[in-house]
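This report refers to the structure that appears directly beneath it.
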Amino acid sequence: MRITVVGAGYVGLTTAVCFAHLGNEVMVVEKVQKKVELLKDGRVPFYEPGLEDLLVENLRKGRISFTTQLSEGVEFSDLIFICVGTPQNPDGSADLSQVEEVAKETAKLMNSYKLLVEKSTVPVNTHKLIKRTVERYLKIRGKSMEFDVASNPEFLREGSAVQDFLYPDRIVIGVESQRSREILQELYKDFTCPIIFTDPATSELIKHASNSFLAMKISYINMVADLCEKVGADVRLVAEAMGYDKRIGREFLRAGIGWGGSCFPKDIKAFIRMAEDQGVDFSLLKEVDKINTRRAQQFVDKVKSVIWSLRGKSLAIWGLSFKPNTDDIREAPSLKIIPLLLKEGAFLKLYDPKAMDNFKALYPPGKDLTYAEDMYDAVKDASALLILTEWREFEEADLKKVKELMELPIIVDGRNIYDPKKVRELGIEYYGIGVLNL
Ligand code: NAD
């Protein structure tokens with residue numbers, strides 16, 4: 001099929017490249033010229049495992065092309081995926097201006113039937129606003145043309161986006177017309193996972209309900225972790241035992257310094273706001289969000305309780321991205337924890353396998369903050385090592401070497417990546433989250 005994808009971010013580019021990989025012809029419209037130049041050259045502007053190889057392969061096969069011009073995208077195909085950003089407004093609601101812009105400009109350009117598909121995460125009933133906008137702009141052009149708006153939320157995770165897109169747990173499609181249903185059925189016909197057809201509002205709601213539920217699981221286990229620390233229990237075993245219960249499931253029960261990223265923080269706030277607008281008090285989610293907000297300060301308090309005063313102390317930081325296998329630092333816990341540590345007067349040496357460039361753009365190196373060559377360079381002469389992201393590289397680190405390089409062999413592990421017993425056997429003081437801290 002011929003497909004147009006608007007927006008070449010984590011979701012849009014993955015969608016485009018994967019649809020091309022599955023044999024479709026895809027045109028990507030991206031407004032940032034520099035990104036388009038890189039992409040035409042086979043380079044992905046961010047780090048996502050496997051994506052660049054697939055891009056190069058599909059460029060070679062002539063199945064994917066890039067443009068800054070929406071007019072070319074609208075001309076190219078009847079099937080247009082909207083994958084632009086939906087960031088957070090100051091009041092917590094979703095800023096839908098990028099989505100509105102695509103709807104408006106498409107309506108100004110279209111000369112035949114179009115199916116606009118929302119892949120961006122949007123509040124329930126956004127499809128109605130897209131529809132109204134398209135109708136208005138068609139009307140002022142004096143045109144009456146058939147079009148549809150559908151919802152097809154994306155559930156991929158950064159770090160495993162390609163796998164998640166190609167092998168999803170389920171596909172959700174919200175449609176209003178038989179025509180749009182048939183187009184999307186054809187597009188997804190080779191996928192073997194369950195495909196759930198709904199109305200657009202239900203589909204839009206499924207995405208927000210799913211993300212908020214996952215965030216709730218993490219905040220829940222984080223509270224259990226706090227209790228474990230008080231009573232001398234081990235949250236890792238509590239989570240493991242809970243996870244074997246099929247009704248609970250094993251995923252998203254890892255205690256730590258909280259969730260971040262470009263989705264959960266904004267999506268949960270948008271969901272709360274949406275409920276409020278409808279007169280529904282979803283205070284459960286407000287608490288989930290509050291618990292998460294507290295994690296950064298709690299972690300810094302833990303570091304202080306371990307080290308005493310942080311003034312003038314050299315601390316090594318491993319991990320800046322909001323999760324492993326991505327260079328994305330949007331709403332990462334590191335962005336909250338590092339300013340708190342600097343305020344306490346600590347000297348920080350940071351290391352992340354992929355996210356250092358993004359971090360440097362916000363925090364250029366200076367007197368109290370420097371960037372390390374590698375993870376061992378970061379720990380040289382440090383009074384403690386703080387772990388903020390669970391990169392595999394850190395899990396596999398040579399901790400004997402780490403111990404030798406540090407001034408004081410102390411690890412405060414915000415992601416529980418090590419077995420406390422094994423680390424302590426090496427003569428390292430180890431403090432995790434919700435584990436027995438000796
Ligand atoms: P992103 O910010 O990485 O990418 C958005 C892209 O759209 C940018 O490159 C931007 O320049 C481009 N853009 C904006 N307006 C445009 C226009 N008018 N024409 C052409 N290009 C335009 O965002 P993302 O992380 O890919 O997320 C996109 C949407 O998908 C959001 O709604 C997000 O909540 C949702 N989502 C994200 C993830 C994720 O893991 N990142 C997962 C599921 C859903």
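Using the average count of surrounding beta-carbon atoms within 10 Å as a protection proxy, the listed peptides 226-237, 347-358 rank, highest first, as 347-358, 226-237.
Largest first, the three principal axis extents of the alpha carbons in the chain are 74, 48, 39 Å in whole numbers.
Summing charges over all other residues whose Cβ lies under 14 Å from the Cβ of residue 115, with Lys and Arg as +1 and Asp and Glu as -1, gives -1. Dividing the mean sequence gap of close Cα pairs (under 8 Å, 6+ apart) by how many residues the range 269-376 holds gives a relative contact order of 23 percent.
How much net charge surrounds residue 358 when only other residues with a Cβ under 10 Å from its Cβ are counted (Lys, Arg +1; Asp, Glu -1)? That sum, taken over residues with Cβ under 10 Å, equals -1.
Residue 276 accessible area, nearest 10 Å², 1.4 Å probe? The value for residue 276 is about 90 Å².
Stokes-Einstein diffusion for the range 12-118, with the hydrodynamic radius set to the Kirkwood value over Cα pairs and evaluated at 10 °C in a medium of 1.306 mPa s, equals 108 µm²/s.
At a 10 angstrom cut-off on C-beta neighbours, averaged per residue, how do the peptides 331-338, 250-257, 394-401 rank from highest to lowest?
The packing order, highest mean first, is 331-338, 250-257, 394-401.
The distance from the alpha carbon centre of the range 84-163 to that of the range 263-280 is 19 Å, rounded to a whole number.
For the chain, adding -39500 (n - 2.57) for each run of n ≥ 4 DSSP H residues and dividing by the number of residues yields -14000 deg cm²/dmol at 222 nm. If you find the alpha carbon centre of the range 219-233 and of the range 302-372, how far apart are they in angstrom? So the separation of the two Cα centres works out to 25 Å. When the pairs 114/266; 290/360; 104/269; 61/119; 128/207 are compared against a 21 Å limit on Cα-Cα distance, 114/266; 290/360; 104/269; 61/119 fall above it. In a shell of Cβ-Cβ distance under 12 Å around residue 92, excluding residue 92 itself, what net charge do Lys and Arg (+1) and Asp and Glu (-1) give? The answer is -2. Sorted on the mean count of surrounding Cβ atoms within 10 Å across their residues, most packed first, peptides 321-328, 45-52, 405-412 read 321-328, 405-412, 45-52.
Farthest toward the positive end of the dipole of the range 2-198, out of 191, 14, 147, is the Cα of 147, where the dipole comes from beta carbon charges about the Cα centre. The charge dipole of the range 343-433, taken about its Cα centre with unit charges on the Cβ atoms of Lys, Arg (+1), Asp and Glu (-1) only, comes to about 140 debye.
The lysines within cross-link reach of residue 367, meaning a Cα-to-Cα straight distance under 30 Å and a gap of 8 or more places when in the same chain, are 302, 304, 313, 323, 336, 343, 349, 354, 380, 400, 401, 403. Expressed as a whole percent, the accessible area of the range 2-198 that falls on carbon and sulfur atoms is 46 (1.4 Å probe). Averaged over its residues, the range 2-198 has an accessible area of 45 Å² per residue, based on protein heavy atoms and a 1.4 Å probe.
The values are calculated or read from the model by the stated rules, or taken from the named source; none is laboratory data. If you're wondering where the values come from, they're calculated on a predicted model, not measured in any experiment. So basically every Cβ, Gly included, is an ideal-geometry build from the backbone, and we count neighbours across all protein chains shown. Heads up: the accessible areas ignore ligands, DNA and RNA and are worked out on the full protein's heavy atoms, side chains in. Shrake-Rupley method; radii C 1.70, N 1.55, O 1.52, S 1.80 Å.
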